[in-house]
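Student: I'd like to ask some things about the structure below.
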Amino acid sequence: MKNDGTTDLRVRRTRKLLWDALMALLGESGRTFESLTVAEICERAMVHRTTFYKHFEDKYHLLCAGFEELNKELAAMDFEERMRRPMQLLEQFGHQRQFRTIMKSEQESTSIKSLMQRIGSGFLKNDLLALEQKDGPFPVPAEIIAEFYAGAINGVAAWWVQHGGHIPAETMDRYIGELLNPAIFNRQAP
């Protein structure tokens, strides 16, 4: 097989079609992640089921891969910026519609809620452990900070979407900042 980049482009295109199909189906009224089938996703994406299974084990694997792509974009951003402005970054992300679709679906799906918590806390834990290596330990274990912060952001984001997102993202970030203990990020050794 030639390795001139065309294969990579086809793979990326197929994955994007499948992700977009998943988001479109989740955006339909009354649809939940659990109710979707691989056949429906493939039909919407106009991708054969055998092609789907060349890329993903099941719809959960597709969902994980989509979240990982979104996290790669977030990882490219400054850590402190992500911590101070999570809602604004999600809006600026360029995936606002996807974000809202996922958050709406999260309210109806324990699978999505659990996955978002696991991916979000794992992503944040890696950041925090890197900061500990550089600046010393946090007063609370990084794993606990990651679980707490990821749960808080997921919960507030779900509430925000459920209530129509009428509060500006900047205001939501200010509210989140008021609720969190800024001293937790004081990385001075005890």
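Student: Counting just the residues of the range 136-190 that are among the acidic types (Asp, Glu) and either within 18 Å of residue 84 (Cα to Cα) or at pLDDT below 85 (or both), which one comes out least open to solvent (accessible area, probe 1.4 Å)?
Tutor: Here is the first cut: in the range 136-190, the residues among the acidic types (Asp, Glu) are 143, 147, 170, 173, 178.
Adding the requirement that they be either within 18 Å of residue 84 (Cα to Cα) or at pLDDT below 85 (or both) leaves 147, 170, 173, 178.
On the way: 147: 94, 170: 126, 173: 8, 178: 144 Å².
Result: 173.
Student: While we're on this one: Within the range 136-167, count every residue that is touching a residue at least 12 places away in the same chain (Cβ under 8 Å), of a type outside the set (Phe, Trp, Tyr) and not in a helix (DSSP H, G or I).
Tutor: As a first pass, look at the range 136-167 and keep what is touching a residue at least 12 places away in the same chain (Cβ under 8 Å): 136-140, 142-143, 145-147, 149-154, 156-158, 160-162, 165.
Subsequent filtering for residues that are of a type outside the set (Phe, Trp, Tyr) retains 136-137, 139-140, 142-143, 145-147, 150-154, 156-158, 161-162, 165.
Keeping just the survivors that are not in a helix (DSSP H, G or I) gives 136-137, 139-140, 165.
Residues meeting the conditions: 5.
Student: Sticking with this structure for a sec: Among (1) closer than 16 Å to residue 12 by Cβ; (2) modelled with pLDDT under 90, there is one condition residue 71 misses while meeting the rest; what is its number?
Tutor: For residue 71, the exception is condition (1).
Student: Restrict the check to the range 120-132 and report whether at least one residue is in contact with a helix residue (DSSP H, G or I) (Cβ under 7 Å, 6 or more places away or on another chain), under 13 Å from residue 157 (Cα atoms) and either at pLDDT 75 or above or assigned to a helix (DSSP H, G or I) (or both).
Tutor: Yes - at least one qualifying residue is present in the range 120-132.
Student: Quick one: what pairs do we get from the range 39-60, first residue of a type outside the set (A, V, I, L, M), second outside any helix (DSSP H, G or I), C-beta under 8 Å, 6+ apart or different chains?
Tutor: 42/48; 59/33; 59/36; 59/37
Student: Taking residue 37 and the conditions (1) modelled with pLDDT of 90 or more; (2) farther than 18 Å from residue 111 by Cα; (3) within 22 Å of the chain's Cα centre (by Cα), which numbered condition does it fall short on, given that it satisfies the others?
Tutor: That leaves (2) as the condition not met.
The values are calculated or read from the model by the stated rules, or taken from the named source; none is laboratory data. Computed from a predicted model, the values in this text were never measured in an experiment. Positions of Cβ are backbone-derived with ideal geometry, glycine not excepted, and every protein chain shown enters the neighbour counts. In case anyone asks, the SASA skips ligands and DNA or RNA and just uses the protein heavy atoms, side chains included. Shrake-Rupley method; radii C 1.70, N 1.55, O 1.52, S 1.80 Å.
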